[in-house]
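K.L.:
Pasting a structure below so you can have a look.
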Amino acid sequence: MEQRFEKLLKILKSFHPNANLGLVKKAWEFAKLVHYNQKRKNGEPYISHLLETALLLAEWELDEDVVIAGLLHDSMEDGAAKPADLISEFGEKIYLLVDGVTKVSSVRLRGSRDLDFVENLRKMFVVMAKDIRVVLIKIADRLHNLRTLYALPPDKQKKIAIETLEIYAPLAERLQMGQVTTELNDISFSYAYPDEYRRVARESKVYYKEAEDHIKGMKKRLIVSLAKEGIRARIDGRKKSYYSLWLKLKRKEIDWDYKKVYDIVALRIVVDTIADCYASLGIVHSVYKPVPYLGISDFIAQPKPNGYRSIHTRVFGPKGRIVEIQIRTKKMHEEAEMGIAAHWAYNEAKISGEEKKLEGARAEYTKLSWVRELLNWMNEIKDSREFLEALRFDTLQRRNYVFTPKGDVLELPEGATPVDFAFAVHTKLPYYLRYAKVNGRVVPLDHKLSSGDVVEIVKSREKKGIGRDWISFVVTNLAKREIRKHFRAVKSKEEKR
Ligand code: MN
């Protein structure tokens, strides 16, 4: 295991040359201590789970803080560590990450009662929205748990598998982590719906084989045609995962007809530039005729909501078989496989000055779009639970989640205004309030905020004081209390004069 740990250090160092490896070593020793003598169900020492989780995070190019938190992620829940230990040994930043993971882990979404479900979802959302890295650690944790799921009793296997299909795999997908999503889905599928899994695996074999044979021939022809036009391309076959194949087969219009799944194996063309993508599309269509009624999807011009970019076209392949071809640049390919982790883990060591600022802005933007995605995702889950509608249980509707321009999330009650927001950010902030912007537009101070709004308080240089009329429209207790306090103080000063 010490060798695996050396590997961890090596990977981390390769992506982050300035990483504090001493602190990583300290975390490893700490983890061994607090999980002393603990074993996993498969008989391995508990710390193997922590090491493997940290290794995944390092492979996703995340920095030492995240890798350390990966090593320590179970130290409070399953180990003997106390918050004070983590803060004094590793600092507040790392403690907060571990605490976030602990909180998310304690949220049980499966089998909870309706009321708990909404409340738990809310809790989970708030923790995850605060720091996307918590989600990444949780996903790495879950992935390793799935890889070793064989050791658990069947009822637990099923519960974890279904929770993964419902919560963690969709999260990974929203984070655009293609490879991870596929692995989470396929392992879970085999445990959650074993009969269906076996059926798909058995029946699909011949279709996969046939599609792969077609694609081999197409690949040769296309490489030559592209090279003639001076386009350097890498062409691969992409096999559809069992789980997404199953979802497709169940659709009404497909109804278990494997021949209607055109992308059971898709042909993937990876080129250098966006211009090459469009040029390749033309060349592909000159060799294989596009299927008119299925059309082209240009996700480069219009990316999918999770940021996915590629051009998809369906063509008549050999023997009139319909084949899907996906065209993208190397960068798009990396993003599609590695996802948001790749954006998040920008390498600070390699950049400086202006570039750093730019990357910082991009990281903030990424964070904000992540929080938005999370909000959509939560609403989808909520909508999919019809019983919640039926109960008219609207806890979530009655709370608003609004964001600072940096993507920090604040939870405010219905009817909250920019003034409530300002007080919630900092009780001194309203004294400098010049005006407020919501989603980039200036709004009156009594404007009612809604979930997903990005609120920006534009400050004056000098202290301006508090508006007399604010008390008439604020809704949070904090704002009311602070405004009253302020005017009481003013009054008593006036009386003294
Ligand atoms: Mn764990």
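The values are calculated or read from the model by the stated rules, or taken from the named source; none is laboratory data. Model, not experiment: these values are computed from the prediction. No Cβ is skipped: glycine too gets one built from the backbone with ideal geometry, and neighbour counts run over all protein chains shown.
K.L.:
Which members of the range 150-170 meet the condition of being buried (at least 18 other Cβ atoms within 10 Å of the Cβ) and either within 11 Å of the ligand (Cβ to nearest atom) or aromatic (Phe, Trp, Tyr) (or both)?
P.N.:
Tyr168
K.L.:
Go through the range 455-468 and count every residue that is more than 36 Å from the chain's Cα centre (by Cα) and surrounded by 12 or more Cβ atoms within 10 Å (Cβ to Cβ).
P.N.:
Of the residues in the range 455-468, 4 are more than 36 Å from the chain's Cα centre (by Cα) and surrounded by 12 or more Cβ atoms within 10 Å (Cβ to Cβ).
K.L.:
Can you tell me which residue is farthest from Tyr258 (Cα to Cα) among those in the range 283-308 that are modelled with pLDDT under 90, touching a Phe, Trp or Tyr at 6+ places or on another chain (Cβ under 8 Å) and buried (at least 16 other Cβ atoms within 10 Å of the Cβ)?
P.N.:
So, considering only residues that are modelled with pLDDT under 90, touching a Phe, Trp or Tyr at 6+ places or on another chain (Cβ under 8 Å) and buried (at least 16 other Cβ atoms within 10 Å of the Cβ), the one farthest from Tyr258 (Cα to Cα) is Tyr308.
K.L.:
Could you look through the range 307-337, keep only residues that are touching a helix residue (DSSP H, G or I) at 6+ places or on another chain (Cβ under 8 Å) and acidic (Asp, Glu), and pick out the one that is nearest to Leu184 (Cα to Cα)?
P.N.:
Per the criteria, the residue is Glu337.
K.L.:
List the strands (runs of 3 or more DSSP E) inside the range 235-322, counting only whole elements, that have at least 2 residues being touching a Lys or Arg at 6+ places or on another chain (Cβ under 6 Å), under 23 Å from Glu173 (Cβ atoms) and β-branched (Val, Ile, Thr).
P.N.:
Details: elements: 265-271, 296-298, 311-316.
Hits in the range 235-322: 265-271.
K.L.:
Residues in the range 47-60 that are in contact (Cβ under 8 Å) with a residue 60 or more places away in the chain and farther than 15 Å from Val135 by Cα: how many?
P.N.:
Number of matching residues: 2.
K.L.:
In the range 61-84, which residue that is surrounded by fewer than 18 Cβ atoms within 10 Å (Cβ to Cβ) and in a helix (DSSP H, G or I) is nearest to the ligand (Cβ to nearest atom)?
P.N.:
If we filter the range 61-84 for residues that are surrounded by fewer than 18 Cβ atoms within 10 Å (Cβ to Cβ), which is where we start, we get 77-78, 80, 82-84.
Now restrict to residues that are in a helix (DSSP H, G or I): 83-84.
On the way: Pro83: 18, Ala84: 22 Å.
The qualifying residue nearest to the ligand (Cβ to nearest atom) is Pro83.
K.L.:
Going residue by residue through the range 444-454, is there one that turns out to be in contact (Cβ under 8 Å) with a residue 40 or more places away in the chain, assigned to a strand (DSSP E or B) and surrounded by 16 or more Cβ atoms within 10 Å (Cβ to Cβ)?
P.N.:
Applying the first criterion (in contact (Cβ under 8 Å) with a residue 40 or more places away in the chain) to the range 444-454 yields 449-454.
Add one more test, that the residue is assigned to a strand (DSSP E or B), and what stays is 454.
Next, only the ones that are surrounded by 16 or more Cβ atoms within 10 Å (Cβ to Cβ) stay: 454.
Scanning the range 444-454, I find at least one residue that is in contact (Cβ under 8 Å) with a residue 40 or more places away in the chain, assigned to a strand (DSSP E or B) and surrounded by 16 or more Cβ atoms within 10 Å (Cβ to Cβ), so the answer is yes.
K.L.:
Of the conditions (1) surrounded by 19 or more Cβ atoms within 10 Å (Cβ to Cβ); (2) under 23 Å from Gln326 (Cα atoms), Tyr191 fails just one. Which one is it?
P.N.:
Failed condition: (2).
K.L.:
Related question: For the range 35-60, name all the residues that are within 23 Å of Ser14 (Cα to Cα), surrounded by fewer than 20 Cβ atoms within 10 Å (Cβ to Cβ) and more than 12 Å from the ligand (Cβ to nearest atom). Even if it seems obvious, please write down each step before you answer.
P.N.:
Step one: filter the range 35-60 for residues within 23 Å of Ser14 (Cα to Cα), giving 48-60.
Of the ones still in play, those that are also surrounded by fewer than 20 Cβ atoms within 10 Å (Cβ to Cβ) are 48, 59.
Glu59 - this is the single residue of the range 35-60 that is within 23 Å of Ser14 (Cα to Cα), surrounded by fewer than 20 Cβ atoms within 10 Å (Cβ to Cβ) and more than 12 Å from the ligand (Cβ to nearest atom).
K.L.:
Applying the selection to the range 256-271, what residues are more than 27 Å from the chain's Cα centre (by Cα) and either modelled with pLDDT of 90 or more or among the hydroxyl-bearing types (Ser, Thr, Tyr) (or both)?
P.N.:
Of the residues in the range 256-271, the ones more than 27 Å from the chain's Cα centre (by Cα) are 256-262.
The answer is Trp256, Asp257, Tyr258, Tyr262.
K.L.:
Could you tell me whether the range 204-216 includes any residue that is among the acidic types (Asp, Glu), under 21 Å from Gly282 (Cβ atoms) and either part of a helix (DSSP H, G or I) or touching a residue at least 12 places away in the same chain (Cβ under 8 Å) (or both)?
P.N.:
As a first pass, look at the range 204-216 and keep what is among the acidic types (Asp, Glu): 210, 212-213.
The next check asks that each one be under 21 Å from Gly282 (Cβ atoms); those that pass are none.
Looking for residues that are among the acidic types (Asp, Glu), under 21 Å from Gly282 (Cβ atoms) and either part of a helix (DSSP H, G or I) or touching a residue at least 12 places away in the same chain (Cβ under 8 Å) (or both), one finds none in the range 204-216, hence no.
K.L.:
If I filter the range 130-149 for residues that are at pLDDT 70 or above, surrounded by 15 or more Cβ atoms within 10 Å (Cβ to Cβ), hydroxyl-bearing (Ser, Thr, Tyr) and assigned to a loop (DSSP other than H, G, I, E, B), do I get at least one hit?
P.N.:
Yes, because at least one residue in the range 130-149 is at pLDDT 70 or above, surrounded by 15 or more Cβ atoms within 10 Å (Cβ to Cβ), hydroxyl-bearing (Ser, Thr, Tyr) and assigned to a loop (DSSP other than H, G, I, E, B).
K.L.:
Follow-up. Sort out which residues of the range 261-280 are of a type outside the set (D, E, K, R) and over 27 Å from Arg251 (Cβ atoms), and write them in order of number.
P.N.:
Taking the range 261-280 first, the residues of a type outside the set (D, E, K, R) are 261-262, 264-267, 269-271, 273-275, 277-280.
Within the range 261-280, Val270, Val271, Thr273, Ile274, Ala275, Cys277, Tyr278, Ala279, Ser280 qualify.
K.L.:
Within the range 8-34, how many residues are more than 19 Å from Val101 (Cβ to Cβ) and within 12 Å of the ligand (Cβ to nearest atom)?
P.N.:
0
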